[in-house]
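A.B. asks: Sharing a structure, written as structure tokens. Questions coming.
The values are calculated or read from the model by the stated rules, or taken from the named source; none is laboratory data. Small disclaimer: the values here were computed from a predicted structure and weren't measured. Note: ideal-geometry Cβ built from the backbone for every residue, glycine included; neighbour counts use all protein chains shown. For accessibility, only protein heavy atoms count, side chains too; no ligands or nucleic acids. Shrake-Rupley method; radii C 1.70, N 1.55, O 1.52, S 1.80 Å.
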Amino acid sequence: MADRVTVIGWDGSPLTAAARSALSAATLVAGAPHHLALPEVPPGAERIRLGSVDLAARRIAGHRGTAVVLADGDPGFFGVVRTLRAPEHGLEVEVVPAVSSVAAAFARAGMPWDDARIVVAHQRTLRRAVNVCRAHPKVAVLTSPGAGPAELALLLDGVHRTFVICEELGTDREQVTVLTSDKAADHAWRDPNVVIVIGGSAGGQGGGWLMGHETPAVRGWALPSEETGGGSGQDLTLRAAQLARLGPRVGDLVWDIGCGGGAFSVEAARFGAAVIAVDADPDACARTEAAARRNGVQLQAVAGRAPHVLERLPEPDVVRIGGGGVPVVTACTDRRPEAIVAHASTRDEAEAIGAALTDGGYTVECALLQSVGLDPNDWSERDRTVVFLLSGRRIDRAAP
């Protein structure tokens, strides 16, 4: 194992005295080509081009001498330190930090970033990164080849955002470009880059006590409709059960089909998920958007009749079906979300929806929910709701 491993962050600034001292003693140096070209790298040191960090870590573990790893930005922030310290490599490292590329990007933009969400976009995580950009008003995206500004813009189709694209930060080719998301796909962008995605009017002003997250002003969930601003006629007990079955979370895209006044959409967005609220009534979409603004969350409302309107929507992770019957259920199972919830007022309707979920490759649960609202002053009955709740969870069949 290497006698000493030092990880040096590089942000384009002159290397610190500690970094120069570590490099001068190095017998192995790993980094990107522009790192290995630095004049401080000893000419006699073994050089490893840093492509696979796992492969480099194995080489370093087998090296007899002093190793240095050079990395852009702060190597402890979504960087190489995590991989190098993984148990399978057994490396103890010393870190010489630098300004992270995210901090540098916001500095170039002249913006605070304590209220920003930060995500990493690879090809396998791009869709979830885009969902965070849909759901939150300020997001920094650390991109990668194949998951850059153009790809972000294409998947944000229909959602207006402003992009601040910072290319090759810390180099003499550094460039900062500000444009709307619909224009980003028309350009070729240089790696590495950071994209700051800004848009919407949701949330507070930041500067609070928890980075990247504003705690909801109202405590709890499955709130009365008058508190979410989602209008009347949506039973909160049913909504609580639907939310519990779906479990919306950051990075998810939720379809709320038949959104009505938007109570469910608002609550799903309060969990940090991206939400597309669908309703055939444009007034219902307008009420849903107004409810979102009152609650400081972001969502996209789409006016149109399901199932036809669903064809042009991006892939959902979970779906709530508020109406439309079997044709809508079938259209949703065809898109293979992880979970679907629906409800019915009669047993015949419930059996038809359950059969459609089963035929679509979902395990089905059904419960008869009865909710009776009581007046605590005299315990008289205010209202009564009886409904069948159906939930389906996708069966993931193993590949042959």
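A.B. asks: Got a number for residues in region 47-68 being at pLDDT below 95, over 33 Å from the mean Cα position of the chain (by Cα) and open to solvent by 70 Å² or more (accessible area, probe 1.4 Å)?
C.D. replies: The number of residues fulfilling the criteria is 2.
A.B. asks: Also, quick follow-up: Which residues, taken from region 103-138, are of a type in the set (Lys, Arg) and over 21 Å from residue 337 (Cβ atoms)?
C.D. replies: First pass over region 103-138, keeping only residues of a type in the set (Lys, Arg): 108, 117, 124, 127-128, 134, 138.
Passing the criteria: 108, 117, 138.
A.B. asks: Sort out for me the helices (runs of 4 or more DSSP H) sitting completely within region 45-122 that have 3 or more residues that are in contact (Cβ under 8 Å) with a residue 40 or more places away in the chain and aliphatic (A, V, I, L, M).
C.D. replies: Numbers: elements: 53-61, 80-84, 101-109.
The helices (runs of 4 or more DSSP H) meeting that bar are 80-84, 101-109.
A.B. asks: Need the failing condition index for residue 337 against (1) assigned to a loop (DSSP other than H, G, I, E, B); (2) surrounded by fewer than 14 Cβ atoms within 10 Å (Cβ to Cβ), just the number.
C.D. replies: (2)
A.B. asks: Criterion first (in contact with a Lys or Arg (Cβ under 9 Å, 6 or more places away or on another chain), in a helix (DSSP H, G or I) and open to solvent by less than 10 Å² (accessible area, probe 1.4 Å)) does residue 30 satisfy it?
C.D. replies: Numbers: in contact with a Lys or Arg (Cβ under 9 Å, 6 or more places away or on another chain): yes; in a helix (DSSP H, G or I): no; open to solvent by less than 10 Å² (accessible area, probe 1.4 Å): yes.
No.
A.B. asks: Still on this model: Can we say residue 345 is small (Gly, Ala, Ser), open to solvent by 70 Å² or more (accessible area, probe 1.4 Å) and under 27 Å from residue 285 (Cβ atoms)?
C.D. replies: Numbers: small (Gly, Ala, Ser): yes; open to solvent by 70 Å² or more (accessible area, probe 1.4 Å): yes; under 27 Å from residue 285 (Cβ atoms): yes.
Yes: the conditions hold for residue 345.
A.B. asks: Regarding region 133-153, can at least one residue be identified that is over 20 Å from residue 77 (Cβ atoms), open to solvent by 30 Å² or more (accessible area, probe 1.4 Å), in contact with a strand residue (DSSP E or B) (Cβ under 6 Å, 6 or more places away or on another chain) and modelled with pLDDT of 95 or more?
C.D. replies: Looking through region 133-153, none of the residues is over 20 Å from residue 77 (Cβ atoms), open to solvent by 30 Å² or more (accessible area, probe 1.4 Å), in contact with a strand residue (DSSP E or B) (Cβ under 6 Å, 6 or more places away or on another chain) and modelled with pLDDT of 95 or more.
A.B. asks: Just one of 289, 311 is under 22 Å from the mean Cα position of the chain (by Cα) and of a type outside the set (Ser, Thr, Tyr); which is it?
C.D. replies: On the way: 311 fails: under 22 Å from the mean Cα position of the chain (by Cα).
Just one listed residue meets the conditions, 289.
A.B. asks: So is residue 150 aliphatic (A, V, I, L, M), assigned to a helix (DSSP H, G or I) and in contact with a His (Cβ under 9 Å, 6 or more places away or on another chain) or not?
C.D. replies: Working: aliphatic (A, V, I, L, M): yes; assigned to a helix (DSSP H, G or I): yes; in contact with a His (Cβ under 9 Å, 6 or more places away or on another chain): yes.
Taking the combined requirement at face value, the residue satisfies it.
A.B. asks: Next up: Can you pull out every residue in region 371-394 that is assigned to a strand (DSSP E or B), of a type in the set (Ser, Thr, Tyr) and either at pLDDT below 95 or on the phi > 0 side of the Ramachandran plot (or both)?
C.D. replies: Keep residues of region 371-394 that are assigned to a strand (DSSP E or B), which gives 371-374, 381-394.
Checking which are of a type in the set (Ser, Thr, Tyr) leaves us with 371, 385, 391.
371, 385, listed by residue number.
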